[in-house]
Amino acid sequence: MSANRDLKMRLMLEAEKELTQDLSEVQRYQYYLGRMQFLHYVSGKENLLQADCSGSVCLALLLATGCSIRVTADTLLKKYFTKRHPEKSDIQAVFFVTNYDRKLGGRLYKEGECAHVCGVAGTDVVLNCVEPYAVLRSISDMRPVYNAMDYTVVVRGLDRKALQKANDEGSDLFGADYEFMEFKKAITEDK
């Protein structure tokens, strides 16, 4: 990242810190998901210009909680978003689990594996980060479409303790790009 771009990122984070300082973690998570609308979908990325589906959720978690993980949609479901009956006060995500083995792009997803994730940005609203760019969508509109394509659609709440533990250990950062690590550094410097 260039020094100029690094400075711009830090100034943006400082300005948004003032906007979000009085919000709860859930509200900050929802704010940052909404802010990511129209970012470009790029597989393996997780920054405010480019991200994939799991990258957008991991980045929103980092910006909302200060805790960093960078994992796949399947790992988010199986390790971090494990609350089956989330409360309104829980950070939430919607997961799309394939009902049979299927190839998407260059990857084979096995039956029961989560192939897509969307962060919940509000009541019945998610950030759907797919090609060519991320958009806010209604869960109610997405569910029948994905069900018709043989996905099980589930909403789960975040296990905040699991997130904190991974952050404290510095684990589950596989594949985090430079910009993500710069966000992490900028956030932890403020603490």
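The values are calculated or read from the model by the stated rules, or taken from the named source; none is laboratory data. Treat the numbers as computed from the prediction; the structure is a model and nothing was measured. Cβ atoms come from the backbone with ideal geometry, glycine included; neighbour counts cover every protein chain shown. These area figures cover heavy atoms from the full protein model, side chains too; ligands, DNA and RNA do not enter into them. Shrake-Rupley method; radii C 1.70, N 1.55, O 1.52, S 1.80 Å.
Mind listing whichever residues of the range 120-141 are assigned to a loop (DSSP other than H, G, I, E, B) and either buried (at least 18 other Cβ atoms within 10 Å of the Cβ) or under 13 Å from the mean Cα position of the chain (by Cα) (or both)?
Val130 - this is the single residue of the range 120-141 that is assigned to a loop (DSSP other than H, G, I, E, B) and either buried (at least 18 other Cβ atoms within 10 Å of the Cβ) or under 13 Å from the mean Cα position of the chain (by Cα) (or both).
If you check Ala176, Ala166, Ala162, which single one turns out to be in contact with a helix residue (DSSP H, G or I) (Cβ under 7 Å, 6 or more places away or on another chain) and either exposed (fewer than 13 other Cβ atoms within 10 Å of the Cβ) or of a type in the set (Gly, Ala, Ser) (or both)?
Criteria check complete, one pass: Ala162.
Residues in the range 41-79 that are basic (Lys, Arg) and in a loop (DSSP other than H, G, I, E, B): how many?
2
Name the pairs whose Cβ atoms lie under 7 Å apart, with the first residue in the range 107-128 and among the aromatic types (Phe, Trp, Tyr), the second open to solvent by less than 30 Å² (accessible area, probe 1.4 Å), and 6 or more positions between them or separate chains?
Tyr109/Thr98; Tyr109/Arg102; Tyr109/Ala115
Somewhere in the range 146-153, is a residue more than 23 Å from Lys17 (Cα to Cα), part of a loop (DSSP other than H, G, I, E, B) and among the polar types (S, T, N, Q)?
No, the range 146-153 contains no residue that is more than 23 Å from Lys17 (Cα to Cα), part of a loop (DSSP other than H, G, I, E, B) and among the polar types (S, T, N, Q).
Just to verify a result, which residue in the range 11-37, among those that are farther than 30 Å from Glu87 by Cβ and of a type in the set (A, V, I, L, M, F, W, C), is least open to solvent (accessible area, probe 1.4 Å)?
Within the range 11-37, the match that is least open to solvent (accessible area, probe 1.4 Å) is Met12.
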